[in-house]
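Novice: This is the structure, below, for whatever I ask next.
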Amino acid sequence: MPPRQSHLTTREGEIPAAIDALGKVPIACNTLTLTIAGPSSADPVPAEDGAAQGDIVLTTLSGTVASASPSVRIVTLEAPVEGVSTIALLDDTEVQSSEGAQLTLNELQPGTQIEALGHPGDSDALLAVEMRVLDQAIDLLAGPAR
């Protein structure tokens, strides 16, 4: 006898070929009530820059690159700016030159002036959605730094 493939049948011809063929399957469960609530009126969270409460507030900051780590997509600043000393680039964040050309993190050298747009992350990090080089400390014709 083949191994049991269903609690309803053991005959292969009676087992549906696709889950959609099952139709509605009753599943016994307890009732779950979920309430999603924002901050209480006793503890209002002020909105920044005219944004509505609950909106993600993006911050723009400018700083000087101390180092760039392409493998982990992190840029460390020479000095903290508004409490931020690390910029973490999201998977789809692009680095652009002041002329709009796409750059890689390998091309950022210490001393490069950058501007990043993002939202605060954990501790002293900014999660950047955009990064632009303001003052390039590299020679674009020479290619990536080695």
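Novice: Name the single residue that is surrounded by the most Cβ atoms within 10 Å (Cβ to Cβ) among those in the range 73-114 being of a type in the set (D, E, K, R) and more than 18 Å from the chain's Cα centre (by Cα).
Specialist: Glu107
Novice: Using beta carbons and a limit of 6 Å, which pairs, at least six apart or on different chains, have the first residue in the range 64-92 and under 16 Å from Leu117 (Cβ atoms) and the second one in a strand (DSSP E or B) and not aliphatic (A, V, I, L, M)?
Specialist: Listed by first residue and then by second, the contacts come to Leu77/Gly63; Leu77/Ser85; Val81/Gly63; Thr86/Thr76.
Novice: Now a separate question. When you check Ser62 against the structure, is it within 21 Å of the chain's Cα centre (by Cα) and part of a loop (DSSP other than H, G, I, E, B), yes or no?
Specialist: no
Novice: Follow-up question, since we're still on this one. May I ask you to verify whether Leu134 is at pLDDT below 90 and not in a loop (DSSP other than H, G, I, E, B)?
Specialist: yes
The values are calculated or read from the model by the stated rules, or taken from the named source; none is laboratory data. None of the values given here were measured: they were computed from a predicted structure. A quick note on method: Cβ atoms are made from the backbone with ideal geometry, for glycine too, and the neighbour counts reach across all protein chains shown.
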